[in-house]
Amino acid sequence: LSPPAEPGAVLDAWAQRDRLLLLWQEFFVHHPLVVMPTLCDLPPRHGQDLTLEGQRSILDSLRVSLVTPLLGLAGLAVPVGSHGSLRTGVQI
């Protein structure tokens, strides 16, 4: 969904990632466990990822789930219920 970045932008992104990792590590000194939603919305409809707009919507909803793998932090997503036939969960 994004065009290739220039080398300087890639280095800036890595520096920002390292800064965020340091902030999370400082946070974990006082709060060793965080529970977050796996999605910022209801689970996507079947086939929603087949359109560019659907892909953007899903990626936007996944932002909170991407924090832990992006920073290399341990995380686990577990189901906690459902909304109709759609499963919902949390990330620990």
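Among the conditions (1) modelled with pLDDT of 85 or more; (2) open to solvent by 90 Å² or more (accessible area, probe 1.4 Å), the only one that VAL10 does not satisfy is (2). Within segment 21-39, does at least one residue satisfy the condition of being over 21 Å from LEU76 (Cβ atoms), open to solvent by less than 60 Å² (accessible area, probe 1.4 Å) and either among the charged types (D, E, K, R) or free of Cβ contacts under 8 Å to residues at least 12 places away in the same chain (or both)? No, because not a single residue in segment 21-39 is over 21 Å from LEU76 (Cβ atoms), open to solvent by less than 60 Å² (accessible area, probe 1.4 Å) and either among the charged types (D, E, K, R) or free of Cβ contacts under 8 Å to residues at least 12 places away in the same chain (or both). Would you confirm whether or not segment 38-49 contains a residue that is over 12 Å from the mean Cα position of the chain (by Cα) and outside any loop (DSSP other than H, G, I, E, B)? Checked against the condition, which is being over 12 Å from the mean Cα position of the chain (by Cα) and outside any loop (DSSP other than H, G, I, E, B), segment 38-49 yields at least one hit.
The values are calculated or read from the model by the stated rules, or taken from the named source; none is laboratory data. What you are looking at is a predicted structure, and each value in this text was computed from that prediction instead of being measured. Every residue, glycine among them, receives a Cβ derived from its backbone with ideal geometry; neighbour counts consider all protein chains shown. With ligands, DNA and RNA removed, areas are computed over all heavy atoms of the protein, side chains included. Shrake-Rupley method; radii C 1.70, N 1.55, O 1.52, S 1.80 Å.
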